[in-house]
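Take a look at the structure set out below.
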Amino acid sequence: MPLYEYEVCEDGCPVYGGKFTLHRPLSAKPLTNCPACKKPVRRIWSTFNSPKALSVSDAKKAGFSVFKRLGKGEYERQ
C-alpha cells in the first residue's frame, strides 16, 4: 500500500500538526478532509524510496554479473 502525504489547508490540525502521512490503497477515493479534525487537506508531492546505487564490488558480492561496454553491442565481463 502506498504512502501519501497530506497538508492541512487551514491553521494546522491539533492532532497531526500541519502535515501527516497515511497508508492508502490505490483504489481509495482522494482524501479531502483530515481524519482527525475534518479540516480541508491537500495531497503534497513527496520523495520516493529508491535503493542506493551498487558499486561493482557490491554487485558482484550480491551475485550479479557485471559487464563493461567496449563498443556498440560489445561487452566484456568484469
Item to check | Using θ = phi - 60° and Karplus 6.51 cos²θ - 1.76 cosθ + 1.60, couplings along region 4-21 (whole Hz; Gly, Pro as x) | outcome: 10, 9, 10, 10, 6, 6, 10, 6, x, 10, x, 8, 8, x, x, 9, 8, 10
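How long are the semi-axes of the equivalent ellipsoid of the chain, taking √(5λ) for every eigenvalue λ of the Cα gyration tensor, in whole Å from largest down?
On the way: eigenvalues 436, 33, 26 Å².
For the chain, the semi-axes come out at 47, 13, 11 Å.
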Checklist outcome for this item: Spelling it out for Val41: with amide H atoms placed in the peptide plane at 1.01 Å from N, the residues 5 or more places away or on another chain with amide H under 5 Å from its amide H are Cys9, Asn33, Cys34
Next on the checklist: As I understand it, the dipole of the chain uses +1 on the Cβ of Lys and Arg and -1 on the Cβ of Asp and Glu, about the Cα centre. Which of Ala62, Thr47, His23 lies farthest toward its positive end?
Outcome noted: Ala62
Next on the checklist: Only Cα pairs within less than 10 Å get springs; with that Gaussian network setup on the chain, which residue of Leu22, Leu54, Leu31 has the largest fluctuation?
Outcome noted: Leu54
Item to check | Qualifying trypsin sites (Lys or Arg not before Pro) in region 1-70, DSSP loop, other Cβ atoms within 10 Å at most 16 | outcome: Lys38, Lys52
Next on the checklist: Skipping prolines and chain starts, which residues have an amide H placed within reach, meaning under 5 Å, of the one on Val66, given they are 5 or more residues away or on another chain?
Outcome noted: Gln78
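Within the chain, what whole-number % of the accessible surface is contributed by carbon and sulfur, with the 1.4 Å probe and all protein chains included in the calculation?
On the way: 3500 of 6570 Å².
Ligands and nucleic acids excluded, carbon and sulfur give 53 percent.
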Item to check | Choice from Val56, Val41, Val15 showing the highest fluctuation, given a GNM over the chain with Cα pairs closer than 10 Å | outcome: Val56
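The values are calculated or read from the model by the stated rules, or taken from the named source; none is laboratory data. Just so we're clear, the structure is a prediction, and the values are computed from it rather than from any experiment. Neighbour counts are summed over all protein chains in view; Cβ atoms, including those assigned to glycine, are modelled from backbone coordinates with ideal geometry. These accessible areas exclude ligands, DNA and RNA; they are computed on the full protein's heavy atoms, side chains included. Shrake-Rupley method; radii C 1.70, N 1.55, O 1.52, S 1.80 Å.
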